[in-house]
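Report on the structure given below.
The values are calculated or read from the model by the stated rules, or taken from the named source; none is laboratory data. The structure displayed is predicted, hence computed values, not measured ones. Positions of Cβ are backbone-derived with ideal geometry, glycine not excepted, and every protein chain shown enters the neighbour counts. For the accessible areas, the whole protein counts, side chains as well, though only heavy atoms, and no ligand, DNA or RNA atoms are used. Shrake-Rupley method; radii C 1.70, N 1.55, O 1.52, S 1.80 Å.
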Amino acid sequence: MHHVLEAKLVVGDMVFSIASEFIENESENVSKQDCELKAFDRLAKKIKKIFKRLPICILGDSLYACETVFNLCRAHKWTYICRFKEGELKVSRRSLRQ
C-alpha cells in the first residue's frame, strides 16, 4: 500500500488525475516523517510548472487550513477552499475577537 496525494481536474461530471505525489519515507530510520503537507508543497511546485496558466482552486480538508498552504496558494495566485467539521480546528476565543 502506498499513500498518494492526487491533483484532480474536475470538469462537470468528469474527474481526471493530473498529477500525483507519493507520501513515503525512504527508510525506517528517518529523523522527520513525510506527510501530506510536505507532499502538497512538492505537488504544488509540480502543478505550477506543468500548468503555468491554468486557474487553480485547491479544495482541501482541515489539514490544509494552515498558513503554509494559504501563503503558497497566494504566491501562485490560486484560490482555495478548506472544509472542516465543527470542532476540528482549535481556535481560541481571543483570536475570534480580533
Quiz item: In the stretch 59-83, which residues are closer than 17 Å to Val4 by Cβ, of a type outside the set (D, E, K, R) and without any contact (Cβ under 8 Å) to a residue 24 or more places away in the chain?
Solution: Gly60
Quiz item: Among the residues of the stretch 66-76, which ones are aliphatic (A, V, I, L, M) and surrounded by 11 or more Cβ atoms within 10 Å (Cβ to Cβ)?
Solution: Val69, Leu72
Quiz item: For residues in the stretch 33-51 being open to solvent by 30 Å² or more (accessible area, probe 1.4 Å) and of a type in the set (A, V, I, L, M), which is nearest to Ser17 (Cα to Cα)?
Solution: Ile50
Exercise. Could you list, in sequence order, all residues of the stretch 52-65 that are hydrophobic (A, V, I, L, M, F, W, C) and open to solvent by 60 Å² or more (accessible area, probe 1.4 Å)?
Key: Leu54, Cys57, Leu59, Leu63
